[in-house]
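The values are calculated or read from the model by the stated rules, or taken from the named source; none is laboratory data. Note that the coordinates shown come from a computational prediction; the quantities given were computed from them, not determined experimentally. Note that each Cβ is placed from the backbone with ideal geometry, even for glycine, and that neighbours are counted across all protein chains shown.
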Amino acid sequence: MRRSALFSWLQAAPLALVLAVFLLVPMAMLVIVSFFDYDSYSLIPDFVLTNYRESFSSAVTWRTFGKTLWFAGLTWVITFGIGFWVAYYLAFVVRGDMPRMVLFVLCTVPFWTSNLIRMIAWVPFLGRNGLMNSALIGMGAINKPLEFLLFSDFAVVLAFVHLYTLFMVVPVFNTMLRIDRRLLEAARDAGAGFWQTLWCVILPLTKPGIGIGSIFVVVLVMGDFATVRLMSGGQSASVGLMISNQIGLMQYPAAAANAVGLLAMVLLLMAAILRAIDIRREL
């Protein structure tokens, strides 16, 4: 038994080493630096609470955290609505493995390009003189261009949905493919309609995939700063963008303190998701 236990530890050692070097050590350094002092030119190794006190006593910081949560929540709602039905169509409506895989690959085609390129592609479409406003004016639907389409919260959420919907589709689709079709037949034989079958059979069995997709979407949105910077035109803020600006100003301890706060918030959200949905069946 000792030899078996030693062999198990040796098998787990490479992964544990990778996690320690690339996850635990950077997180520990982040926490340590967050207590440093600094001036305009250099870091000052110390143990002060100034960075946390200045950050979290500011109403601007709390509003920024709230804005980030709002972006994450709204993006999750929309990506879940789109991702669930796309996955349902691919898993239950499309017949045959080949057509299903072809359509799934087509869903991934936009993701073969850079995120930045896909965001920039929205600018000529949503701009004041862009394709959307020109089409609406041409149809007589509006009299003047819509200003909220670009450089606004609408544009930020639209870009988030475009960038991260696939991260919801893939785990939900994978979970739906594993559902035993005999369960659906049994539900229909018992007199259940479409919505009752969806609510009582498909949705409960799809929860692990929904949980994994939710973690992907929430974590990616919470840490994103490039999308907010580009699509809001400086009109909106997020914690990631605030940290990026502080790094640009060489305020590394303040940025580390905000990063620790963001990490704590993301971990709390992940814990809530894992508590609500058991994803162990998918892992």
Give the residue, chosen from LEU131, LEU126, that is crowded, with 20+ Cβ neighbours inside 10 Å, at pLDDT below 90 and of a type in the set (A, V, I, L, M). LEU126
Quick count over segment 103-127, residues being under 15 Å from ALA226 (Cβ atoms), of a type in the set (Val, Ile, Thr) and without any contact (Cβ under 8 Å) to a residue 12 or more places away in the chain, is 2
Could you check segment 175-196 and list, in sequence order, the residues that are loosely packed, with under 11 Cβ neighbours inside 10 Å and hydrophobic (A, V, I, L, M, F, W, C)? ALA190, PHE194, TRP195
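Here are ASP46, ASP37: which of them is closer than 24 Å to ALA264 by Cα, touching a residue at least 24 places away in the same chain (Cβ under 8 Å) and not aromatic (Phe, Trp, Tyr)?
On the way: ASP46 fails: touching a residue at least 24 places away in the same chain (Cβ under 8 Å).
The match here is ASP37.
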Apart from one, (1) loosely packed, with under 11 Cβ neighbours inside 10 Å; (2) free of Cβ contacts under 8 Å to residues at least 40 places away in the same chain all hold for ARG100; the odd one out is (1)
Determine which single condition TRP70 fails, assuming it passes every other condition in (1) hydrophobic (A, V, I, L, M, F, W, C); (2) in a loop (DSSP other than H, G, I, E, B); (3) under 30 Å from PRO208 (Cβ atoms). (2)
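Take segment 135-177 and flag every residue that is touching a residue at least 12 places away in the same chain (Cβ under 8 Å) and out of contact with any helix residue (DSSP H, G or I) (no Cβ under 8 Å at 6 or more places or on another chain). Give the derivation first.
First pass over segment 135-177, keeping only residues touching a residue at least 12 places away in the same chain (Cβ under 8 Å): 145-147, 149-153, 155-177.
Matches in segment 135-177: GLU147 only.
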If we scan segment 114-121, do we find a residue that is surrounded by 12 or more Cβ atoms within 10 Å (Cβ to Cβ), assigned to a helix (DSSP H, G or I) and modelled with pLDDT of 85 or more? no
Quick test of your reading of the structure: THR165 fulfils all but one of (1) of a type outside the set (A, V, I, L, M, F, W, C); (2) assigned to a helix (DSSP H, G or I); (3) more than 24 Å from LEU69 (Cβ to Cβ). Name the failing condition by number. (3)
Within segment 109-119, is there a residue that is small (Gly, Ala, Ser) and either more than 21 Å from LEU149 (Cα to Cα) or in contact with a His (Cβ under 6 Å, 6 or more places away or on another chain) (or both)? yes
Mind listing just one residue for me: the one in segment 26-42 that is surrounded by 15 or more Cβ atoms within 10 Å (Cβ to Cβ) and of a type outside the set (Gly, Ala, Ser) and, of those, nearest to PHE56 (Cα to Cα)? PHE35
Take the conditions modelled with pLDDT of 90 or more, aliphatic (A, V, I, L, M), in contact with a Gly (Cβ under 9 Å, 6 or more places away or on another chain) and part of a helix (DSSP H, G or I) and apply them to ALA87. Does it pass? yes
